[in-house]
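What follows is calculated from the coordinates using simple rules that are stated; it is not laboratory data. The structure presented is a predicted model; accordingly, all values stated were derived computationally and were not measured. Here Cβ is always computed from backbone atoms with ideal geometry, including for glycine, and neighbour counts include all displayed protein chains.
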Amino acid sequence: MLIFPHIVITKIILYNIHQINLESNISISQKLWRYLNRLASLNKEFRDIVYKLPISKQFEITTVEDYMNFKKLKEKYVYNNFLAKLSMFNNKLETIYKRDYSDFVKIKVNNQRYLQSLESRPLDNIKSLQFYLTIVKGNTQLMLNFFQKFSGNLKNLEKLKLFCESKHGYTSEMYYYHYSSDEDEEGGDEYNYGDFKIPSLEGLVNLYSLEVFLGEEEIIKSHHYFSKIRNLRKLFIRDSYIKTFILANVLEHCNQLQVLDYISLNDSEDFDILLNGLHLSNSLTSLTLNNGLAKLENIYKSLNLTSTLKLLKLTQISFRDDREFKPIPITNKSLESIYINGSADFYSHWSVQSSLKEIYAVATEASKYLPQFHTKCEVLDVENVHLNELCKILESDMPSLKTIILSGGSYILQSPISKSLERNYNLVSLTISCPVDNSIVVDILSICHPTLTKLFLYNILFWDIDTVFDALESNRNLRDITIQNSLKPRESITTFFERLCDLIDHNHELNYLRFYLPPYDIIPPTSIDLFRNCIKRNYQFINHLHIYSTCNELSKILAQCLIDNTPRANKYYSENYKEFLSTIYNYLGLLQFSILPKLIKSKLNSQNDQNYNKFLQSLISISNCELSYYKFTYLSAKTNNLYEAYQQVANDLKSIYKGTGVQTSPNSGSGSSNSTTSTTTGNTNTTINKSSGDDNSEHSFINTLVQQTSILLHVRALLINIYTTLLSSIQNPDLSFEQVVNGLEEVPNIYRDKITHPLLLHMKSNTNFEISILRNLLKVSVLLSKHVFKDCILLLYQSKIELDQWKDLDQKHSSSSMSQQGSLKTMESSSGGKWTLNTIYQWMCNYHNSLLSKSTLYFHFPLLNVEEEIGGNSMSFKEITNRNSPDYISYIETFCQKSNVLFFSIIFECKDRPYSRIGYSFIDTEIPTGLGSYPLLYYYPLDKSPTQFLPNIVGLILQNPLEKPLDQFYFLDVRKIPQKASNGTTTFQEDHFSYFITKIEPQLYLSIVYKDIKKQKDQNINDFIKTLINSLRIIDIIAQLKLKDLQNK
């Protein structure tokens, strides 16, 4: 019975099979191949779907039954790229090859008699030949005839292995890579020794890698055998006997040779001749010598003469220097890795800055010469070194030193290693192979070192599960933990699984877990069930989990959830897909976009996985799009094509996960980038596959990441339409922010539950904050126009908290990232100061400040009432409002004083809505009527009674309705006031009152009254009204979206 994740696999197949690009094949492993066949055996529906999958698969055929099964499967699968490797060692298999030779691309021949079968059929389709032939006296001619007869095909040979066993056998292995060539095959000279005859390789013009196993006989006596191979780049000589002067001549005459690896059968072989000839090669980058004699003096001299060598490895070498030998200074700047057995102080003799990245043995003075000469060292293997010296190395805090491996030595019972770690801000990986006390392990874990992400422990004394797992659970920086012990922990197996499940549930940052424990006799079913449920809950966060146990059920649980559970013993943990992608997405989350293109290009095409390289190329496009998005540059551009750019990247990702079986079907419904918000809220139907193209966690990790990244790009496209719509409100005053708010309300539903990948959590948090803050600010804009006191104040407060949390989150991630990549000083300087990378954040801060000032104006009397209730007065309230930016009240007062305004007011039209002068009341308030339905939100001067002006203003509003914001009504009121003269006559004096009434928002009006004749087009007055209303309507804030330098603004 299939259990989880059959739901995921089934969905992938049922919903996405028709979306798979049938021109590209899915290369699958043996485990997934068995799984698909198991799935096909369940029912006809699954069977029909599985058989339509475009699968690339190689089959090993060693029996006739294997071939029959191969033929059946080939007929069932509609789209297939099935490759077959045939091992011919009996007559039946030979007959199969003669009949159906076109089915096979690799041939393994176990007897020389089957060479005749190869000769009888075309070899164009064969890409690999393996010969396991017994060649004795008189039989070598069969092999020579084969080389000569098919010389045309052999010209395409790129890799060749020759095996000879002391006059008893000859074995060759060939890999064919077909290229068109019209050149004729050159001569077929033979090289003879006794009963051996080996063909000339001179005609193999494309051969670049040669590996020979020649045994004890001296078969090759001249360097010409190798130098005639014009494109030879790699030469491996294993368990063979060749004079070293021949290899020295090879270095001189093989102009393209890059790698030379020689394992001698003669432990008295003189390697000095070869070492002294290193400078003769201008192309050699790697030299490995094993089993022979040499002088350190010659090694020192050779290193100072060569400028191309990057790797030198000398093992099982006996040195024969005189006792009086004194090492000379080394000036080599090209070597990146060097290992010389028995020479522990070799690294101390550099006199210039080296390029060494790996150092495998150090002396007691390592803390002195490492920072002085080897500042590029990345891996340091410390063996039998004093712990105090190790602490000095840690405290030296070399920026390049990322990995330290501590092996050998005595017990670590009490050591200042944890204190030294706290002074190191660059270490990424720490391996301790010597016995270490449990308390020291807990101390190392408890400091939560910001950069230490990998910890390997191979012998914990008095190992205690509770204390170690408690420390692991609280450490959110560690990503990789290995614990290997020869003794069982003190706790029971039940306790072990309970604590392990707690750890997995609570620490999702820990992605690689390996526990090599002595196998318990029996694992209770309850513990297995507990483990199974835990894995189901957390499988997306686990990349690798291995528990050394004889219980097969644990392996099945992990395999069903497609979690890698292979027992890796990683002494040197190399960078892989996930670590590199983690770095990229970390920079994306930190908005460090300028770093990414160069970083990604450095790894582009470093892997043979075409989809992975396409993904990296898409990440470059994403970083460029994100830079434009977070800087708002697309809104100020003449042509806004960012929406289309995100759609193009999403399509590129779609082509990637089509090839891997992961599919997202976003019904964007978003139209063009100029469409309104209400049309930009489509649904996203997402099917997530842990790994449809491969059963290992590497591809599961990447597939899910690709799929969920595409969802985030869809969200970006929707938000681009939101900002574009907001910008259009400048030209379209009728646009309601309520419509935009409704669109934003639906956006989180698209991605909230669908983005769970650990690498996307920071980007998801950025998007969560962005949407939540923008939604709340837009709500405040709407509610302010309706004078809703309580909700406005609460949403403003919530927006302020989220703005601070967003910045704190960025500073936290930024500090963690900088501590992993640079020194503490760099970290501190980068984390301090203004968060200038996020223009969206800067704009939202301006938006929040503007709304805060606006609410202080609209809720002037409720807020003043609160200030007086807590013991303040109008003066203390004014001190608070003066801090606002902009300070509307001071701006209004200054204008009124300079232009001699008689009365200024902002009036709210209730429109049958309750209104409370104190802002909010727990008792239902009555709906005001008459003049009370037009309350004053603010007026100036505050010491004048507004009742003498309000009736006239309200009357003018009712008689002259204003439809749109910024619509203005002007009225000149002439009043004749009787005046009695001294002679008793009555005269009339004319008083002039100029009324300027402007609509701010649908229910808000601004009025200015002058006791004077003011022209309707008075520039000073109209400029003030326009500036104030545009600011109150957030027009100036919206216009900032088009500014190229918002930060200076």
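If each residue of separation counts as 0.36 nm, what is the full-extension length gain between Ser439 and Ser728 once their alpha-carbon separation is subtracted?
Contour length minus Cα-Cα distance gives 97.7 nm.
How about region 418-509: which chymotrypsin sites (Phe, Trp or Tyr not before Pro) there are in a DSSP loop, with at most 13 other Cβ atoms within 10 Å of their Cβ?
Phe462
I want to check the label-to-label distance for Arg537 and Lys601. Put each point 7 Å from Cα in the C-beta direction and report it in nm to one decimal.
Spacing of the two 7 Å Cα→Cβ label points: 4.7 nm.
Which ³J(HN,Hα) values in Hz, rounded to whole numbers, follow from the phi angles of region 627-642 under the Karplus curve 6.51 cos²θ - 1.76 cosθ + 1.60, where θ = phi - 60° and Gly and Pro get x?
4, 5, 5, 6, 9, 6, 5, 5, 7, 9, 6, 5, 10, 8, 10, 5
Which whole-number percentage describes the relative contact order of region 243-337, with Cα contacts under 8 Å and a sequence gap of 6 or more?
Relative CO of region 243-337 lands at 27 percent.
Can you tell me the order of 646-656, 64-74 when each peptide is scored by its average per-residue count of other Cβ atoms within 10 angstrom, highest first?
Taking the mean over residues of other Cβ atoms within 10 Å, the ranking is 646-656, 64-74.
With an 8 Å Cα cut-off and a minimum separation of 6 or more residues, compute the relative contact order for region 882-1029 in percent.
24 percent
Grab the Cα-Cα distance for Gln968 and Asp1012, subtract it from 0.36 nm times how many residues apart they are, and report the gain in nm with one decimal.
Net length gain for the segment: 14.0 nm.
Please report, to one decimal in angstroms, the Kirkwood hydrodynamic radius of region 882-1029 built from all distinct Cα-Cα pairs.
After inverting the pairwise mean of 1/r, the radius is 17.0 Å.
Which of the peptides 1022-1029, 855-862, 942-949, 703-710 is most tightly packed, and how do the rest follow, judged by the mean count of other Cβ atoms within 10 Å per residue?
703-710, 855-862, 1022-1029, 942-949
From the phi angles alone, apply the Karplus equation (6.51, -1.76, 1.60; θ = phi - 60°) to region 909-914 and give each ³J(HN,Hα) in whole Hz, x where the residue is Gly or Pro.
9, 5, 6, 6, 10, x
Just how large is the dipole of region 882-1029 about the Cα centre, in debye to the nearest 20, putting +1 at every Lys and Arg Cβ and -1 at every Asp and Glu Cβ? Could the numbers behind the result be given before it?
Values: 16 positive and 16 negative charges, 71 e Å.
Dipole of region 882-1029, to the nearest 20 debye: 340 debye.
Output ³J(HN,Hα) for region 460-471: one whole-Hz value per residue in order, computed from phi by the Karplus curve 6.51 cos²θ - 1.76 cosθ + 1.60 with θ = phi - 60°, and x for Gly and Pro.
Once rounded to whole Hz, the list reads 8, 7, 6, 5, 10, 5, 4, 5, 5, 6, 4, 5.
Residue separation times 0.36 nm, minus the C-alpha to C-alpha distance between Gln648 and Arg423: what's the value?
Result: 76.3 nm gained on full extension.
Could you bin all the Cα-Cα distances of region 243-337 into 10 Å bins starting at 0 and give me the percent of pairs in each, rounded to whole numbers?
Per 10 Å bin, starting at 0, the Cα pair percentages come out as 17, 52, 29, 2.
Which of the pairs Lys454/Lys764; Lys631/Lys911; Lys779/Lys807 have their Cα atoms more than 32 Å apart in this structure?
In this structure, Lys631/Lys911 exceed 32 Å between Cα atoms.
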